[in-house]
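Everything below concerns the one structure shown next.
The values are calculated or read from the model by the stated rules, or taken from the named source; none is laboratory data. Note that this is a predicted model, so its numbers are computed, not measured. Don't worry about glycine lacking a Cβ; one is built from the backbone with ideal geometry, like all the others, and counts go over all protein chains shown. Only protein heavy atoms, including side chains, enter the accessible area calculation; ligands, DNA and RNA are left aside. Shrake-Rupley method; radii C 1.70, N 1.55, O 1.52, S 1.80 Å.
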Amino acid sequence: MGSDLNITKHLQDYILKNGLKLHPIQKEIIDYNLSLGDIKRMQISISQCQFLHLIIKISKITKVLEIGTFTGLSTLSMALALPDEGSIIALDKNEETNKIAQNFFKKANQNHKIKTIIKPALESLMSIRNEKFDLVFIDADKMNYQKYYEISLDLLNKEGLVIIDNVLWHGEVVNKDINDKYTKSIRDLNHFISKDKRIEKVMVPFGDGMTVCRKI
């Protein structure tokens with residue numbers, strides 16, 4: 001039986017070199033995040049940027065909801081893939097990082113596609129409960145992931161997609177000796193989604209792991 005490759009750093013560099021090229025402002029965000037210390041881990045990986053871009057293109061997505069924005073790399077990656085009339089609503093509770101993200105959106109001439117809402121995501125989701133989206137990308141506080149997932153399914157158009165980041169949680173989801181509340185929350189979500197008959201799904205090992213769910 002075939003098996004997945006063990007992706008070394010050397011092989012990862014090769015994959016990125018031969019994959020989709022980044023926009024100059026995407027590179028600028030990555031360089032900025034490198035200066036932030038430990039919180040730079042909140043950034044999605046380059047392979048995830050490439051994946052989100054292609055998913056939006058091939059699925060002809062025009063309306064996106066993002067739950068968790070940080071400094072805007074994932075938002076910009078999706079905005080660049082959207083048609084000019086496409087739109088993203090980006091939710092985040094951190095006003096400081098949101099201002100930084102908005103500056104990057106303007107520099108990339110993508111700010112006309114992006115509306116940001118700054119408040120706790122569960123509050124923001126209540127304010128847009130009558131809207132519909134083609135794609136929801138979840139990358140926020142892990143303890144509320146299952147709530148975000150349930151609400152996202154209600155906000156999706158038929159055959160829309162929910163993409164959830166961090167589902168492999170640095171590999172800790174398979175370590176039985178690690179049982180902190182965040183790891184358990186991710187494990188519980190993964191188990192719940194694996195049994196959910198409302199969707200078709202695939203888990204892919206990009207970045208910290210992503211689950212892609214298609215609403216049936």
**Asked** So what is the relative contact order for the range 67-121, in percent, with contacts set as C-alpha pairs under 8 Å and at least six apart?
**Response** 46 percent
**Message:** Students often get this wrong: which residues of the range 56-86 have the backbone nitrogen under 16 Å from the point 7 angstrom along Cα-to-C-beta of Ser127?
**Reply:** 65-69
**Asked** Given the Cα-Cα distance of Lys158 and Ile15 and 0.36 nm per residue of separation, how much length would full extension add, in nm?
**Response** 48.2 nm
**Prompt:** Dipole size in debye (nearest 20) for the chain around its Cα centre, Lys and Arg Cβ +1, Asp and Glu Cβ -1?
**Reply:** 380 debye
**Prompt:** Under the classification rounded if a/c is under 1.5, otherwise prolate if a/b is larger than b/c and oblate if not, where does the range 1-43 fall, given a ≥ b ≥ c as square roots of the Cα gyration tensor eigenvalues?
**Reply:** oblate
**Request:** Give, in nm to one decimal, the length gained when the segment between His170 and Lys184 is fully stretched (0.36 nm per residue of separation minus the Cα-Cα distance).
**Result:** 3.7 nm
**Prompt:** Given the C-alpha centroids of the range 173-190 and the range 1-71, what is the distance between them in whole angstrom?
**Reply:** 24 Å
**Asked** How would you order 123-136, 168-181 from highest to lowest mean count of nearby Cβ atoms within 10 Å?
**Response** 123-136, 168-181
**Complete:** Result for the chain: accessible area per residue, probe 1.4 angstrom, in square angstrom, of 55 Å²
**Asked** For the chain, what % of the accessible area comes from carbon and sulfur atoms, probe 1.4 Å?
**Response** 54 percent
**Request:** Using Cα positions and a limit of under 21 Å, work out the lysines in reach of Lys158, with same-chain residues fewer than 8 apart set aside.
**Result:** Lys57, Lys60, Lys63, Lys132, Lys147, Lys195, Lys197, Lys201, Lys215
**Asked** By its C-alpha gyration tensor, with a ≥ b ≥ c as the square roots of the eigenvalues, how is the chain shaped: rounded for a/c under 1.5, else prolate for a/b larger than b/c, else oblate?
**Response** rounded
**Message:** Looking only at the chain, where both bridge partners belong to it, what percent of the DSSP beta bridges are antiparallel (to the nearest 5)?
**Reply:** 35 percent
**Request:** Decide, for the range 1-77, between rounded, prolate and oblate: order the square roots of the alpha carbon gyration tensor eigenvalues as a ≥ b ≥ c, take rounded if a/c falls under 1.5, and otherwise choose prolate if a/b is larger than b/c, else oblate.
**Result:** oblate
**Item:** Inter-label distance, nm, simple model (7 Å from Cα along the C-beta direction), Glu28/Lys201
**Value:** 3.8 nm
**Partners for Lys21 among aspartates and glutamates (Cα-Cα distance below 19 Å; same-chain residues under 8 apart left out)** = Asp13, Asp31
